[in-house]
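Working notes, structure below.
Just so you know, all these numbers are worked out from the coordinates, no wet-lab data involved. None of the values given here were measured: they were computed from a predicted structure. Every residue, glycine as well, gets a Cβ built from its backbone with ideal geometry; the counts of neighbours run over all protein chains shown.
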Amino acid sequence: FPASHIPFQAGRRGSPGREGLTWPGYPELAELVDVLAGHRAVLDGEIVVVEGGPGAERTSFPLLQQRMNLASPAQIARIAERIPVRYFAFDLLEIDGISLLNKPLADRRQLLAALAQSFLREVVTPSG
């Protein structure tokens, strides 16, 4: 299932079971840990594959399915080269242990955009 309510902690990577972001099937997303600059956060978003050229980009679930449930590191690396994924964050639900769920969605999106300045190409903050 594509990601939802993914917990992040900046600067920590590792194998499953260690604190921090661990997506062993999606190694190209490990850099997202670094952009949180020491903050712990819970984001609501999706892992997606984007296809098409500039101006015609769209997400592709059939391509994402080819990335799901892979176990072999060699196979993951080979397919990641051909079918890279991105993480589209839609909402910031918690930051540094403080729940933001009682805040208006517009405020949470504004905080998400501020937090994500260094990787805005990976963040979708729909208006409205």
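So here's what we get for this one:
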| item | result |
| --- | --- |
| Projected area, mean over directions - the range 42-119, Cα convex hull, nm² | 7.1 |
| Using θ = phi - 60° and Karplus 6.51 cos²θ - 1.76 cosθ + 1.60, couplings along the range 67-72 (whole Hz; Gly, Pro as x) | 9, 7, 6, 7, 10, 6 |
| Residue-count net charge about Pro84 - beta-carbon cut-off 11 Å; Lys, Arg +1, Asp, Glu -1 | 0 |
| Ranked packing of 108-114, 73-79, most packed first, by mean Cβ within 10 Å | 108-114, 73-79 |
